[in-house]
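Bear in mind these aren't lab numbers, they're just calculated from the coordinates by the rules spelled out. Because the structure is predicted, anything quoted here is derived from the model rather than measured. Backbone-built Cβ (ideal geometry, glycine too); neighbour counts: all protein chains shown.
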Amino acid sequence: MGIFDKLRNEFIDIIEWTDPSTDTIVWKFPRYQNEIKMNAKLTVRESQVAVFMNEGKIADVFQPGMYTLTTQNMPILTTLQGWKYGFNSPFKADVFFVSTRQFTNQKWGTKNPVMLRDAEFGPVRLRAFGSYAFRVKDAGAFLKEVAATNPEFTVEGINEQLRNLAVSRGMEAIAEAKIPVLDLAANYEEVSSQITGKIGAEFNELGLELTKFLIENISLPPEVETALDKRSSMGIVGNLGAYAQFQAANAMEKAAENPNGGGLAAAGLGAGMGAAMMGQVGNVFQNNNQPANTGAGTPPPLPGATPFYVAVEGKQSGPFDMEQLRQLAAAGNLNAQTLVWKTGMAAWSAAATVPELAPVLATIPPPLP
């Protein structure tokens, strides 16, 4: 620096910050050894705040506008430096410009799946990601708690802390909401509002304000999503018997279009396979409707006696003959509303609707007066 530059810059008379970046939160005015001239011009643009600091202590804070620096509009700095009687000599102070605009599209996301308990699927692992926006709400508090005396502080300097805060508190809010996993996509706005309320106070402690919190996606592990896809496919197929008929009809149609002599044979084979599949499916459902055998060595019932199965405390029991049914009734395990089933019945029915059990139910004494 030449002698003339040194003399010209000995006193600073214009203080301003034209921010060319998109991620700078705090910028310290480069005073170096120069002194600020009394009556210097301070320009604070929109979305900025100027903070004057004296020996590490925050003094005066200037909102957007143009100021002529005097002892009258710097009362705290005047008190700290002990000026009396309107002392107007040049002075030294650190000037920090703090950006108060919104810093948007800040990304957050879980590094690893988070274990949660779902009412339908039980313990599940979820991944989530999205974006958020914030701005400086209290410049003085932000300088004290985060930026300190760094000459320049960017979003990257605090983004990791804010991201971890968003993930930790965000997943807590998702768990507390107790929304089924399959319904989360329809409730992103509700969950986002809960997360904003949960972590907003912690942003305020740093002098920041959380202005927006968005969830872009909440997903299950790939293997669980694959299982859900299979389950959805089964739901779309619906009636397996009708689906088998549809497949067989398609095979016959394609075979009829085949000009080769083997077309009819292929059609017959397809129809036969469809019929076989329908028979197997029918057997599966029929077997599922039948009660489980209580033992491989149980002998068949005596001729003329029809055993019944009884639902006791939500579990299938039996088979029981009439004498055993009377004993169950006497013990209070069989009443008019108890579900029963025997061979030939289409479904489980209340005992009162089965005429054969009327004598058994008649032995149940009425309740005490």
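For residue 183, neighbours were defined as the other residues whose beta-carbon sits under 11 Å from its Cβ, and their charges (Lys and Arg +1, Asp and Glu -1) total -2. Within a straight-line Cα-Cα reach of under 24 Å, residue 315 can be paired with the following lysines, leaving aside sequence neighbours fewer than 8 residues apart in one chain: 342. In terms of its C-alpha gyration tensor, the range 306-356 has a rounded overall shape, because the principal axis ratio a/c (a ≥ b ≥ c, square roots of the eigenvalues) stays below 1.5.
Look at 25, 36 and count the other Cβ atoms within 10 Å of each Cβ; fewest to most, that gives 36, 25. For residue 164 and residue 31, a Förster radius of 22 Å and the Cβ-Cβ distance give a FRET efficiency of 0.05, rounded to the nearest 0.05. Amide hydrogen proximity for residue 38: with H placed 1.01 Å from N in the peptide plane, the residues at 5 or more positions away or on another chain lying under 5 Å are 91.
Each residue, residue 185 and residue 229, gets one label point 7 Å from its Cα in the Cβ direction; the gap between the two is 1.3 nm.
For the pairs 41/212; 198/230; 92/212; 178/230, flag any whose C-alpha to C-alpha distance is greater than 30 Å.
41/212; 198/230; 92/212
Modelled spin-label separation between residue 133 and residue 14, with each label point placed 7 Å from Cα along the Cα-to-Cβ direction: 3.3 nm. Treating each Cα of the range 103-223 as an identical point scatterer and summing with the Debye formula, the log10 of I(q)/I(0) at q = 0.11, 0.16, 0.22 Å⁻¹ comes to -0.40, -0.75, -1.22. With neighbours defined as other Cβ atoms within 10 Å of a residue's Cβ, the residues 107, 315 order from fewest to most as 315, 107. Subtracting the Cα-Cα distance of residue 156 and residue 101 from their residue separation scaled by 0.36 nm leaves 18.2 nm.
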